[in-house]
Protein chains: 2
Amino acid sequence: MTNIQEIARLAGVSTTTVSRVINQHPYVNEAKRKEILKIIERLDYVPNSNAKSLKEGMTRIIGVLTGTYTTLSTSFIQAFNTSANKHGFNVMLFITNGDRQQELIALEMLRSKQLDALICLFRTNEWKVIESYTKYGPIVTWQRLVSDTIPSVFMDHYKGYTLGLEYLYAKGYRRIANVFSSKGLNTPERVRSYHDFADKYQLKANSFPDFHDKLTIYDGEEVARWWIGQNDRPDAIACSNDNVAAGLLTELRRAGFSAPGDVGILGFDNTELAHLLDLTTIHYPANKQAENAFYIILDMLGQPAPEVHTLEFELIERKST
Amino acid sequence: MTNIQEIARLAGVSTTTVSRVINQHPYVNEAKRKEILKIIERLDYVPNSNAKSLKEGMTRIIGVLTGTYTTLSTSFIQAFNTSANKHGFNVMLFITNGDRQQELIALEMLRSKQLDALICLFRTNEWKVIESYTKYGPIVTWQRLVSDTIPSVFMDHYKGYTLGLEYLYAKGYRRIANVFSSKGLNTPERVRSYHDFADKYQLKANSFPDFHDKLTIYDGEEVARWWIGQNDRPDAIACSNDNVAAGLLTELRRAGFSAPGDVGILGFDNTELAHLLDLTTIHYPANKQAENAFYIILDMLGQPAPEVHTLEFELIERKST
DNA sequence: TTGTATGCGTTATCAT
DNA sequence: ATGATAACGCATACAA
């Protein structure tokens, strides 16, 4: 095992000097620095991370807790990862698949100092349980949560959904059907958004049944078949996400219909799929949220952190409306 | 920061005794043990992993390197994770999305002792690069690779595919079309398998074009539309995986056809989807391979390891043939 | 059955 | 500009 002492011995200097070279401290003789670097190179020496972690009191590893690896979480995770790397942190991914035990493993790693912080995209254990771990290190979430100890980079979907509905209204759509996603934290906000919207414009509410728990491409196809089967069809469909909108659009096309010719389709999230299929959608800045999450963690770790971004939903007009 | 010394001080014993209690060593007075445990509980003490890692020379973390998170890799990773946990190891997941740099991060963590070993489901850098890291710790792969330094838990797809073809033949199918997956390492073996099979039974080769790069449900649907459009249809289709078979089956059904009534469909992998849709398929024991991968690593780490499983493809007959 | 002393590999303080 | 030395928190060889 080649360690810093061996390098020091070979270079005829003290470990301090070697450490200085490694960590780019000033005040080290240029000739010695060159020599030391050469020996490091020759022996293929790398500082032992564990020793460093022990000494520094941190591992520079941040855990990311998620349930599944979906399109949206992917872009969040990637952006988070990029930010973290830029600041010398690495990311440890935990895909729990809803397993409480798996989630606890990550939490325990925070407790035992193997992780400096945790970002929670999804949780299985009660918030109370997760909150009880905040004393061991920063925990930040992407979910809707108001907590003193767990900051959230959540965005209010009421605003985002309203943005979409107002756009549809402006385009002349009046008979709008809603496809909602799972009974999570955002759906109630979207439901409320639609109700307020319908009130505001005196639209006949409940002319169509609300869809719920629709989130996959297949769900979108199902909605398409429903639409086809109606006598009195909606003139626009606001979808829970781009997947649903994509399934809806392609299934309608298979049946010989078109959008926006026969019906307007609005996606949500602005994923690659929306781009691919030219779906009008609401841009949900997951990557910026991820950066914010990292900045918040950085700040909580007492490190200098950039200012967080202000986040805005944005309507991306394409060709499905 | 509550450490082992504080516990020792409070209990009026030495750190050695506390350490013994924590690590369940014998020879410690029962009364003291109880008392120490009580104090540990009260102070909410956890041993610092970094100190332990430094002392023991290992972190008990194994990295899993993958490109994307797909159905098949999921079952591998989960099985690997379970095995690892059972032996006191944790798993750090790296989803590279084909980014060389991301892969190097994992490799470097092995070098700097943050990882005890690496399991490589997918690689982006050249094997030569990856091989150069084997001197820092065990690296095991799931891909086809013959190497002195990187053991593989790969299974020969020639055998698996032949198993399926022979089964189709026995069931009376003579006009078999092949749907292959990406130009990876297994496809050539499958192609070879079909050629040998066709030779053996004097089947007219190339009566149908081989499909390539088909691996999603959508690809399967595309194959269905092709099949429907043919005058002279194959009587069976051997699919690259269960996804394709599923897309094929459901799209045929939408068009009013059935399997095995109109055509036999054979999947591959035996995933949940095959179960769900009653697809005849080839069981590919990814979970056993994962356990083997872990056992090999355990052995390479000089720890006592169970015997590896012998792996066999298995034909799962359901209702699509 | 228990304690003392040492080392794992670093970084940082304080002299020089 | 450089080096001795003391931590960081733990496990263990050895002594008692």
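If you go through region B:24-40 and keep only what is near DNA strand C (Cβ under 8 Å from one of its atoms) and either in contact (Cβ under 8 Å) with a residue 24 or more places away in the chain or among the hydroxyl-bearing types (Ser, Thr, Tyr) (or both), you end up with just B:TYR27.
State yes or no: is B:LEU315 under 23 Å from the mean Cα position of the chain (by Cα), assigned to a strand (DSSP E or B) and at negative phi?
Considered against the rule, which asks whether it is under 23 Å from the mean Cα position of the chain (by Cα), assigned to a strand (DSSP E or B) and at negative phi, B:LEU315 comes out as yes.
Taking (1) away from every other protein chain (no Cβ under 14 Å); (2) at negative phi; (3) surrounded by fewer than 18 Cβ atoms within 10 Å (Cβ to Cβ) in turn, B:GLY12 satisfies each apart from (2). Scanning region A:91-100 turns up at least one residue that is closer than 30 Å to A:THR187 by Cβ, surrounded by fewer than 22 Cβ atoms within 10 Å (Cβ to Cβ), more than 10 Å from chain B (Cβ to nearest Cβ) and among the basic types (Lys, Arg).
Condition check ((1) surrounded by 20 or more Cβ atoms within 10 Å (Cβ to Cβ); (2) in a loop (DSSP other than H, G, I, E, B)) across all residues:
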{"site": "B:ILE237", "(1), (2)": "yes, no"}
{"site": "B:GLY247", "(1), (2)": "yes, no"}
{"site": "B:GLY261", "(1), (2)": "no, yes"}
{"site": "B:GLY302", "(1), (2)": "no, yes"}
{"site": "B:PRO306", "(1), (2)": "no, yes"}
{"site": "B:SER320", "(1), (2)": "yes, yes"}
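Kindly establish whether B:ARG9 is more than 8 Å from DNA strand C (Cβ to nearest atom) and without any contact (Cβ under 8 Å) to a residue 12 or more places away in the chain. Here the answer is yes, as B:ARG9 does meet what is asked. Here the condition is being closer than 24 Å to A:SER112 by Cα, out of contact with any Asp or Glu (no Cβ under 9 Å at 6 or more places or on another chain) and more than 16 Å from DNA strand D (Cβ to nearest atom); of B:VAL91, B:VAL18, it holds for B:VAL91 alone. Return the residue satisfying two criteria in turn: it lies in region B:279-296 and is among the β-branched types (Val, Ile, Thr) and outside any helix (DSSP H, G or I), and of such residues it is surrounded by the most Cβ atoms within 10 Å (Cβ to Cβ). The qualifying residue surrounded by the most Cβ atoms within 10 Å (Cβ to Cβ) is B:THR281. Restricting attention to region B:69-90, the residues being within 9 Å of another protein chain (Cβ to nearest Cβ) and touching a residue at least 40 places away in the same chain (Cβ under 8 Å) number 2. Checked against the criteria, A:SER53 does not count as in contact with a strand residue (DSSP E or B) (Cβ under 7 Å, 6 or more places away or on another chain) and within 14 Å of another protein chain (Cβ to nearest Cβ).
All of the numbers you see were taken from the coordinates with simple rules; none came from a lab. The structure displayed is predicted, hence computed values, not measured ones. Neighbour counts are summed over all protein chains in view; Cβ atoms, including those assigned to glycine, are modelled from backbone coordinates with ideal geometry.
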